[in-house]
Amino acid sequence: MSQAESLIRLEGIAKHYQMGGETIAALNGIDLHVARNDYVAFIGSSGSGKSTMMNILGCLDTPTMGKYFLNGRDVAGMSETDLARTRNEEIGFIFQSFNLLTRATALQNVMQPLIYRGIRPAERAKRAAEAMARVGLEKRMDHLPNQLSGGQRQRVAIARALCSEPSILLADEPTGNLDSATAADIMALFDTLHEEGQTVIVVTHEPDIAAHCQRVVRLADGKVQSDTVNHQRTRFHKRELANV
Ligand code: ADP
Ligand code: MG
């Protein structure tokens, strides 16, 4: 793949924080390309810059220095409005704590991002139902989050991320609140989505989770310490999913 085709291109990305007269370099010169349909884990110890990286990749924050091209567009110079639109259209976020609306049904939660896109209600419901089916929750559309297990809640969050057909699924410690069997289910779902063509980026401190990804980028002190292909990755398939 030529560089021009990279979905993500980071050039000399730095993020500095000022703390009582001191400058902290959370990210310190990151050069990185991510191709379409890549499946990348960002790993590193606490303080290595993972969250800062996630925020910049997800257009939640802008770098102090450097360039970030997403789908060929320069993100670093975008206004707040442009950033918000880019987030909604390009990024499907998945968080450790699911971040579902507690009073809304699973289907309503999944439809939420489409409201901001001005898609009419019937079409929203249709797309959300399709996303629920992709995560194996077609029989749980009308359940409230507290009527679902932790794994099911994370599936709803994944369906919500998928339903706007984002360029990137960006997951921050997606299994951090789940037991190991449920975590394996969720990783099986990411494995399947990746096989179906989705670009997936997972931020994690757990080697077992990173083992699912085809590429592992290790951050240390705000720099890329290593960037390796995972030749023997752990891979699960849909048929191995536990009943939801
Ligand atoms: P990780 O997610 O890998 O634990 P972070 O990206 O949260 O790492 O942090 C990287 C470094 O930047 C740490 O030294 C942290 O203390 C610092 N940092 C992160 N956010 C801020 C902030 N808002 N203000 C000051 N320093 C910060
Ligand atoms: Mg963090």
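What residue, among those in the range 136-190 that are closer than 19 Å to Thr86 by Cα and among the charged types (D, E, K, R), is farthest from ligand 2 (Cβ to nearest atom)? Looking at residues that are closer than 19 Å to Thr86 by Cα and among the charged types (D, E, K, R), I get Glu165.
Is at least one residue of the range 172-184 of a type in the set (A, V, I, L, M), surrounded by 18 or more Cβ atoms within 10 Å (Cβ to Cβ) and in contact with a Lys or Arg (Cβ under 8 Å, 6 or more places away or on another chain)? No. Within the range 13-49, the residues that satisfy the criterion of being more than 17 Å from Ile168 (Cβ to Cβ), away from ligand 2 (no atom under 16 Å from the Cβ) and either without any contact (Cβ under 8 Å) to a residue 40 or more places away in the chain or in contact with a Cys (Cβ under 9 Å, 6 or more places away or on another chain) (or both) are Gln18, Met19, Gly20, Gly21, Glu22, Thr23. Just for strands (runs of 3 or more DSSP E) wholly inside the range 1-64: which have at least 2 residues that are farther than 25 Å from Asp191 by Cα? It comes to 8-19, 22-34.
None of Tyr39, Tyr68 is surrounded by 14 or more Cβ atoms within 10 Å (Cβ to Cβ), of a type in the set (Ser, Thr, Tyr) and over 22 Å from Ala157 (Cα atoms) except Tyr68. Hey, can you tell me all the residues within the range 101-115 that are within 14 Å of Gln152 (Cβ to Cβ) and aliphatic (A, V, I, L, M)? Scanning the range 101-115 gives Ala106, Leu107, Val110.
Within the range 115-131, residues that are basic (Lys, Arg) sit with their Cβ atoms under 7 Å from residues that are surrounded by 13 or more Cβ atoms within 10 Å (Cβ to Cβ), at 6+ positions apart or across chains, in these pairs: Arg117/Asn88; Arg117/Ser164; Arg124/Met111; Arg124/Leu114; Arg127/Leu114; Arg127/Cys163.
Within the range 50-63, residues that are under 17 Å from Glu173 (Cβ atoms) reach partners that are aromatic (Phe, Trp, Tyr) and within 13 Å of ligand 2 (Cβ to nearest atom) with beta carbons closer than 8 Å, at six or more positions or on different chains, in the pairs Lys50/Phe42; Met53/Phe42; Met54/Phe42. In the set (1) without any contact (Cβ under 8 Å) to a residue 24 or more places away in the chain; (2) assigned to a helix (DSSP H, G or I); (3) basic (Lys, Arg), the condition left unmet by Arg160 is number (1).
No lab work stands behind these numbers, since they all come straight from the coordinates. Nothing here was measured: the structure is a model prediction, and the numbers come from that model. Counting neighbours? That spans all protein chains shown, and the Cβs are built from the backbone with ideal geometry, glycine included.
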